[in-house]
Structure formats: structure tokens, C-alpha cells
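FYI, it's all coordinate maths here, none of it is from the lab. Everything quoted here is computed from the prediction, not taken from an experiment. Counting neighbours? That spans all protein chains shown, and the Cβs are built from the backbone with ideal geometry, glycine included.
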Ligand code: DX5
Ligand code: ZN
């Protein structure tokens with residue numbers, strides 16, 4: 001599978017969000033990554049349903065909604081109604097993960113589970129066959145623009161091995177500190193969806209930054 005690019009609008013200009021969504025529509029991006037933070041599960045608050053619905057009005061690409069919230073079950077339907085196509089919950093935030101995954105699928109969305117940097121990949125073993133996507137956090141969730149955590153490569157390789165055996169179609173998404181400096185290595189380790197916020201929206205030419213991540217070749221790899 002060709003890898004996908006999911007720009008995170010957490011780093012967009014919220015006062016000109018429409019402009020940024022139109023830019024993404026015209027870019028090589030595949031999905032639009034939407035980071036929802038509740039100030040409880042993570043030490044930051046981002047945005048909620050009205051903003052997502054407003055984005056949906058203009059977005060021509062699927063919304064990849066990453067829920068960094070406690071007890072996400074309460075709001076799954078609201079996120080689907082607001083326009084989510086992929087809904088990813090955190091392993092650490094769910095008491096009944098299997099039930100949550102099935103609820104997401106019943107709503108007609110793709111179901112994802114994210115794990116924090118301290119959470120071992122092995123904990124996904126009993127749900128991996130149910131998943132459309134697994135997200136490996138490569139920073140501690142809560143903020144854009146943080147430094148990539150290097151031991152993530154090992155986790156991606158472990159997850160890729162588990163997926164090859166149990167769910168070869170699984171999307172393996174990485175999120176946090178992704179840029180041109182590590183994108184090729186991340187793909188080689190087994191990721192196939194790259195989220196990037198700062199590397200895109202802080203770039204002088206975001207369209208070019210997206211194109212570079214999408215069309216990775218050894219020439220664009222600066223180790
Ligand atoms: C962090 C979020 C990320 C964030 C990534 O908690 O889940 O999606 O926006 O931003 P960068 O690419 O700047 O690390
Ligand atoms: Zn995210």
C-alpha cells in the first residue's frame with residue numbers, strides 16, 4: 001500500500017482555518033488529522049464538535065479524528081455526526097476497548113486505537129484483528145511541535161510484525177515529531193500513515209512540505 005499523509009490541523013492557523021482546509025484539499029494529503037484534547041487525558045484543550053463540523057463543510061478529504069479524551073464512548077456518535085471518517089481512541093482511556101471499537105464501526109467509521117509512548121505494543125494483541133488502524137504516538141500527546149521519541153522505531157517494527165501475522169491491511173499511523181528527517185525511516189520500520197503538524201504548517205510552503213512527505217525517495221532523506 002502506498003503510504004498516506006495526514007496533516008494535523010492542530011498546527012493550522014485557527015483564524016484562517018477555511019484557507020488551510022482549502023490548501024489541504026489542493027494538496028497531496030490523503031486525510032485531515034483532527035486532534036481533540038479534553039484537558040484531562042492530556043494537559044491541553046484543543047477544539048470540539050462545532051469546529052470539526054465547520055472543517056467538514058469544506059474538507060474534500062476524510063477526517064481522521066484522534067480523540068485524546070477520557071471515556072470517549074460518551075461522544076462517539078457526536079464525532080461521527082460532526083463528520084469523522086476515522087475515529088481513534090486511546091488504549092489508556094478505555095475500560096472496555098473491544099466494545100468501543102465495535103461502537104465506532106457500527107457508526108460506519110473506521111476504528112483506530114492509539115498507544116502512548118509508555119504503552120507496549122503487545123497490549124494490542126487481543127484487539128488487532130478488529131482494528132482498521134493503530135496509532136503509535138511518537139511524542140507524549142498534548143502538543144504539536146515536540147521532539148520525536150526515538151525508541152518508537154522498535155514499537156513500529158513490533159506492530160508491523162503483529163499486523164503481518166494477524167491483520168495485514170491494518171493502517172499503522174505515527175503521530176508526533178514526524179518530518180522529512182525521519183519519514184523514510186518510519187516507512188521502512190512499517191508505518192504507512194504519517195501525521196505531521198509542525199513540519200507542514202510551519203513550513204514556508206506547506207504544499208511542498210506535504211508533497212515531499214508523500215513522494216519520499218532516498219533523495220529527500222536527510223538522516
Ligand atoms: C499531539 C497530536 C499530534 C500533533 C502532531 O498530541 O496528537 O497530532 O498535532 O504535531 P507535530 O507533527 O507538530 O508533532
Ligand atoms: Zn494526533
Quick calc: nm separation of the 7 Å Cα→Cβ label points for residue 205 and residue 161 -> 4.1 nm
To the nearest 0.05, the calculated FRET efficiency linking residue 18 and residue 44 through their beta-carbon distance, R0 being 30 Å, is 0.80
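Report the extension gain between residue 140 and residue 96 in nm, rounded to one decimal, defined as 0.36 nm multiplied by the number of residues separating them, less their alpha carbon distance.
On the way: separation 44, 0.36 × 44 = 15.84 nm, distance 2.27 nm.
Full extension from residue 140 to residue 96 adds 13.6 nm.
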Taking 0.36 nm per residue of separation between residue 28 and residue 123 and subtracting their Cα-Cα distance, the length gained on full extension comes to 30.9 nm
When 162, 137 are ranked with the fewest other C-beta atoms within 10 Å first, the list becomes 162, 137
Beyond 25 Å, the calculated P(r) of segment 1-111 holds a percent of Cα-Cα pairs equal to 19 percent
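Classify segment 1-49 as rounded, prolate or oblate, taking a ≥ b ≥ c as the square roots of the eigenvalues of its Cα gyration tensor: rounded when a/c is under 1.5, otherwise prolate if a/b is larger than b/c and oblate if not. Don't jump to the answer; show the numbers that get you there.
Details: a/c = 3.36, a/b = 1.46, b/c = 2.30.
Since a/c reaches 1.5 but b/c is at least a/b, the shape of segment 1-49 is classed as oblate.
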Per its Cα gyration tensor (rounded if a/c is under 1.5, else prolate when a/b beats b/c, else oblate), segment 21-77 is best filed as prolate
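Given contacts defined as C-alpha pairs under 8 Å and at least six residues apart, what's the relative contact order of the chain, whole-number percent?
21 percent
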